[in-house]
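This report concerns only the one structure given below.
The values are calculated or read from the model by the stated rules, or taken from the named source; none is laboratory data. Model, not experiment: these values are computed from the prediction. As a convention, Cβ positions derive from the backbone with ideal geometry for all residues, glycine included, and neighbour counts pool all protein chains shown. Surface areas here come from the heavy atoms of the whole protein model, side chains and all, with no ligands, DNA or RNA. Shrake-Rupley method; radii C 1.70, N 1.55, O 1.52, S 1.80 Å.
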Amino acid sequence: VFQRISDQGMPIVSVDNPLASLELSLFGGHVLSFMPKKDNRQRLWMSPKAVMDGSKPIRGGIPVCWPWFGAASDGNLPAHGFVRDQMWQILRVDDDQEQTRIQLQPERAYLNPGQEHLDLMLELLIGEQLTLNLITQNRQAHSIRFGGALHSYFRVQNIDHAEIQGLSGAYLDKVQDTSAEQTPSPYLISSETDRIHVNAVSQASIIEGEQQAVTIGFKGHDSIVVWNPWQEKSAQMADMTTDGYRKMLCIEAAITQGIELAPGQSHILTQIIS
Ligand code: TA6
């Protein structure tokens, strides 16, 4: 495990162990790349136009969305919470032959001083697979509701050949103003897709032809979000290339319906990438 400063001035942590390599930006506590050595295939997608100077959330990799998912109720607050656009610090690193464990936390897990209400920690277990545990602890004397997501951008060769397997049941379609629809089979992506699958299955995968592009495990979630901005939306995003949407597909371990946390309780949202 070693740390360097990127050419845009950001601290980047690199992990290289016998089973995998990973890169992590301390801005955002943001995994940028994960490549198992069994096949040397990069699992994550990063936008070539991602802003990496700390002025806005990084487009690609695994944004940490917390303590809410999507737009904030208060219009002055950022979408997807306030920890993906601040610096994080490493709490500990454990490196053994089989896996590397990194624990880190945001510099402040609250909006304004005096509002300290929840503690947040991200734990990464880096081996043949990558496990992300997003641990929320309620330190207050009253219960609290929170949401969030591990908003992972997976890499595909060509979105036209990608198929999602493992999802089922109902989803809320944010493109059709959250109408309730049924998961299609085969699950192909051919237009803007922004769906909250409220049937929180424990595993899904993206396949491309014969190739298993990625397998994704979920725990502690109440939904799974599938997102591809497609062409028009991509053209409106300064940090997306015009055809970038053809190389990525977001499948997110999410808490979109909200989880109640009693005083002293903690909750773990997990995504496992292999
Ligand atoms: O996860 C899907 C989504 O909520 C979409 O609605 C879209 O807003 C996407 O997240 C990206 O959000 P961002 O704030 O990272 O541009």
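Checking ILE251 against (1) under 22 Å from ILE135 (Cα atoms); (2) more than 12 Å from the ligand (Cβ to nearest atom); (3) not in a loop (DSSP other than H, G, I, E, B): exactly one of these is not met. Which one? It fails just one condition, (2).
Taking the condition acidic (Asp, Glu) and either away from the ligand (no atom under 12 Å from the Cβ) or surrounded by fewer than 13 Cβ atoms within 10 Å (Cβ to Cβ) (or both), does ASP243 pass? First the steps, then the outcome.
Values: acidic (Asp, Glu): yes; either away from the ligand (no atom under 12 Å from the Cβ) or surrounded by fewer than 13 Cβ atoms within 10 Å (Cβ to Cβ) (or both): yes.
Judged against the criteria, ASP243 is a match.
The set of residues in the range 162-180 being outside any loop (DSSP other than H, G, I, E, B) and at pLDDT below 95 consists of SER179, ALA180. For the range 102-122, a residue qualifies if it is over 17 Å from the mean Cα position of the chain (by Cα) and farther than 14 Å from ASN138 by Cα, and the qualifying residues are GLU107, ARG108, LEU111, ASN112, PRO113, GLY114.
Exactly one residue out of ALA50, ALA79 is under 23 Å from SER6 (Cα atoms), in a loop (DSSP other than H, G, I, E, B), within 14 Å of the ligand (Cβ to nearest atom) and at pLDDT 95 or above: that is ALA50. Within the range 230-255, residues that are over 10 Å from TYR153 (Cβ atoms) sit with their Cβ atoms under 6 Å from residues that are basic (Lys, Arg) and within 10 Å of the ligand (Cβ to nearest atom), at 6+ positions apart or across chains, in these pairs: ASP239/ARG59.
Here the range 29-47 is the region considered, the condition is being under 13 Å from SER152 (Cβ atoms) and open to solvent by less than 30 Å² (accessible area, probe 1.4 Å), and the residue that is nearest to the ligand (Cβ to nearest atom) is HIS30.
Residue count for the range 111-151 under the criterion of being of a type in the set (Ser, Thr, Tyr) and either in contact with a His (Cβ under 6 Å, 6 or more places away or on another chain) or within 16 Å of the ligand (Cβ to nearest atom) (or both): the result is 1.
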